[in-house]
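Shown below is the structure under consideration.
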Ligand code: NAD
């Protein structure tokens, strides 16, 4: 895709245009607006992405709406067969999807494979939908009167996802949405759109009828149509907090059910009695895995009491050995997703240093392993960070670990609870009482105890508190089943043939 002229890399016109998907086929749309898709490890433009016009978005939404009545009425037995087939195909071919993710996101292949596996777990959860959809039944609630409840699908639903998990985050939602009888329009991130189309083709191969799973590529224009089009019944969004808030406000104002998961600033508290080797391993894995571009990344290490020096030394020693480079090669950590994002993250390190933080490990000048034109920033460790520094107050979303030193457990909890975000947190200690108190007191949605990234299993639900989630329901688990269905309660009476007569009085229990 690129070649050298006079020492300057010339990027050739990409031959691929990534488009939408409707009715089980590629859909080019009518918009001529495109955005470049880049390989972050090389800086090469690998494809042009079609950005939907409102007209294109309507066409995709119409396809989802047209498919809804018959998918809603498709039996659970038939829906489950498609889900099982999708799971088997995904399991057989997940390396293909991992390679697509690495090529557009940049994360190393093993990490991309891990992402697919975590998404697959939600597909497996959704395979149990007949059991999950069972309602309640009360016989003879009143004489000859039975009461029961059922859950029904909503209609066409939208899933709007971020760049950092192009497969897993959509899979938090669409397997359950489809299993419960809804049809789906997925709007992936513009930065890594190809995973969505691979998944669409897999659904087709698994036997999903046309129009049940659709893909809309685009930016704000596409999102705004999804948020306001009356045919869309519900929106599941994951992304940064300002956009999550916008999506929640706009979608609910248009009468839709909305769950909007936002950004994060995740703290790990290390108490003096913790196993420091375990804690240092965890900080490195959770701080630098996926180059810190995870909503569950640890970015603030809160060292309590006298262990701070020893902890910082252990983290630095481990982080020093991380090989930053092309994710398709033998690297531990890949590039950041774009040059602009890389420069923004580096500017936070500059600001932290200027504000008085100590740069223990500096990734700004990292020499990458392969992929010279990529968007590189190596693992960076800052010590003596204080709560007013921008490197602490803002979500950075890069491989930057900030160490804050406090004297007491209470100071550590105050720090976390006064932070506007509440996605995930962790505590490292050997004191069960302290851990139990932490789990009770901390105002965060997901808590790890001697576990760095507490991403819940598919049969539990994923979601933060405060500015990390707008809406009432979390992703997947029973919250997912409830989000994508509406409850109906039925009271029935079948009269005994010998009984009859008119009674205009107010119904009484008898
Ligand atoms: P983003 O908010 O920029 O984009 C998310 C989605 O919103 C994309 O599909 C994008 O096209 C769309 N979008 C962007 N700007 C928009 C606008 N002005 N109007 C309408 N739609 C718009 O997020 P990102 O950079 O792709 O992803 C990183 C962010 O996602 C981080 O803040 C991270 O913490 C967050 N995230 C949160 C979770 C969670 O579970 N809470 C999980 C993953 C990522």
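The values are calculated or read from the model by the stated rules, or taken from the named source; none is laboratory data. None of these values were measured; they are calculated from a predicted model. Methodologically, a virtual Cβ is constructed for each residue, glycine included, from the backbone with ideal geometry; neighbour enumeration extends over all protein chains shown.
Determine whether segment 466-473 contains at least one residue that is surrounded by fewer than 17 Cβ atoms within 10 Å (Cβ to Cβ), within 16 Å of the ligand (Cβ to nearest atom) and over 30 Å from residue 141 (Cα atoms).
Just the residues of segment 466-473 that are surrounded by fewer than 17 Cβ atoms within 10 Å (Cβ to Cβ), to begin with: 472.
Among the residues that remain, those that are also within 16 Å of the ligand (Cβ to nearest atom) are: 472.
Imposing the further condition that a residue be over 30 Å from residue 141 (Cα atoms) reduces the set to 472.
Checking segment 466-473: at least one residue is surrounded by fewer than 17 Cβ atoms within 10 Å (Cβ to Cβ), within 16 Å of the ligand (Cβ to nearest atom) and over 30 Å from residue 141 (Cα atoms).
Tell me yes or no: at least one residue of segment 412-429 is assigned to a helix (DSSP H, G or I) and under 16 Å from the mean Cα position of the chain (by Cα).
Here is the first cut: in segment 412-429, the ones assigned to a helix (DSSP H, G or I) are 412-417.
If we keep only those that are under 16 Å from the mean Cα position of the chain (by Cα) too, we end up with none.
The answer is no, given that none of the residues of segment 412-429 is assigned to a helix (DSSP H, G or I) and under 16 Å from the mean Cα position of the chain (by Cα).
With (1) part of a helix (DSSP H, G or I); (2) touching a strand residue (DSSP E or B) at 6+ places or on another chain (Cβ under 6 Å) as the list, and residue 221 as the residue in question, which single condition is left unmet?
Every condition holds for residue 221 apart from (2).
Let me ask another. Testing residue 336 on (1) crowded, with 24+ Cβ neighbours inside 10 Å; (2) out of contact with any helix residue (DSSP H, G or I) (no Cβ under 8 Å at 6 or more places or on another chain); (3) not in a helix (DSSP H, G or I), one condition comes back false. Which one is that?
For residue 336, the failing item is (2).
In segment 244-263, what residues are part of a strand (DSSP E or B) and within 7 Å of the ligand (Cβ to nearest atom)? Show your work before the answer.
Initial filter on segment 244-263 (part of a strand (DSSP E or B)): 257-261.
Within segment 244-263, just 261 meets the criteria.
So, of the residues in segment 320-333 that are in contact with a strand residue (DSSP E or B) (Cβ under 9 Å, 6 or more places away or on another chain) and assigned to a loop (DSSP other than H, G, I, E, B), which turns out to be surrounded by the fewest Cβ atoms within 10 Å (Cβ to Cβ)? Write out each step before concluding.
So in segment 320-333, the residues in contact with a strand residue (DSSP E or B) (Cβ under 9 Å, 6 or more places away or on another chain) come out as 320, 322-327, 329-333.
Cutting the leftovers down to assigned to a loop (DSSP other than H, G, I, E, B) gives us 322-323, 326-327, 329-332.
Values: 322: 19, 323: 15, 326: 24, 327: 30, 329: 15, 330: 11, 331: 22, 332: 18.
Only one residue tops the list, namely 330.
Of the residues 270, 298, which single one is within 14 Å of the ligand (Cβ to nearest atom) and not assigned by TED's automatic domain parsing to the domain that holds residue 172? Give the derivation first.
Details: 270 fails: within 14 Å of the ligand (Cβ to nearest atom).
None of the others qualify; the one that does is 298.
Kindly indicate whether residue 310 is without any contact (Cβ under 8 Å) to a residue 40 or more places away in the chain, within 27 Å of residue 412 (Cα to Cα) and either under 30 Å from the mean Cα position of the chain (by Cα) or surrounded by fewer than 18 Cβ atoms within 10 Å (Cβ to Cβ) (or both). I'd like the intermediate steps shown before the answer.
Numbers: without any contact (Cβ under 8 Å) to a residue 40 or more places away in the chain: yes; within 27 Å of residue 412 (Cα to Cα): yes; either under 30 Å from the mean Cα position of the chain (by Cα) or surrounded by fewer than 18 Cβ atoms within 10 Å (Cβ to Cβ) (or both): yes.
Against the criterion (without any contact (Cβ under 8 Å) to a residue 40 or more places away in the chain, within 27 Å of residue 412 (Cα to Cα) and either under 30 Å from the mean Cα position of the chain (by Cα) or surrounded by fewer than 18 Cβ atoms within 10 Å (Cβ to Cβ) (or both)), residue 310 qualifies.
Yes or no: segment 178-191 includes at least one residue that is buried (at least 23 other Cβ atoms within 10 Å of the Cβ), part of a helix (DSSP H, G or I), outside the structural domain of residue 397 (by TED's automatic domain parsing) and at pLDDT 95 or above.
Of the residues in segment 178-191, the ones buried (at least 23 other Cβ atoms within 10 Å of the Cβ) are 178-189.
Checking which are part of a helix (DSSP H, G or I) leaves us with 178-179.
Imposing the further condition that a residue be outside the structural domain of residue 397 (by TED's automatic domain parsing) reduces the set to 178-179.
Within this subset, residues satisfying the condition of being at pLDDT 95 or above are 178-179.
Within segment 178-191 (the criterion being buried (at least 23 other Cβ atoms within 10 Å of the Cβ), part of a helix (DSSP H, G or I), outside the structural domain of residue 397 (by TED's automatic domain parsing) and at pLDDT 95 or above), the answer is yes, since at least one residue qualifies.
Restricting attention to segment 201-220, and to residues there that are within 16 Å of the ligand (Cβ to nearest atom) and in contact (Cβ under 8 Å) with a residue 24 or more places away in the chain, which single residue is surrounded by the fewest Cβ atoms within 10 Å (Cβ to Cβ)? Reasoning before the result, please.
Initial filter on segment 201-220 (within 16 Å of the ligand (Cβ to nearest atom)): 214-220.
Then drop every residue that is not in contact (Cβ under 8 Å) with a residue 24 or more places away in the chain, which leaves 214-219.
Numbers: 214: 29, 215: 25, 216: 31, 217: 32, 218: 28, 219: 15.
So the residue we want is 219.
Of everything in segment 221-243, what is near the ligand (Cβ under 10 Å from one of its atoms), closer than 11 Å to residue 254 by Cβ and in contact with a helix residue (DSSP H, G or I) (Cβ under 6 Å, 6 or more places away or on another chain)? Give them in sequence order. Walk me through how you get there before you give the answer.
Of all residues in segment 221-243, those near the ligand (Cβ under 10 Å from one of its atoms) come to 221-224, 226-227, 237-243.
Filter once more, so that each one left must be closer than 11 Å to residue 254 by Cβ: 224, 226-227.
Once the filter is applied, which keeps residues that are near the ligand (Cβ under 10 Å from one of its atoms), closer than 11 Å to residue 254 by Cβ and in contact with a helix residue (DSSP H, G or I) (Cβ under 6 Å, 6 or more places away or on another chain), segment 221-243 yields only 227.
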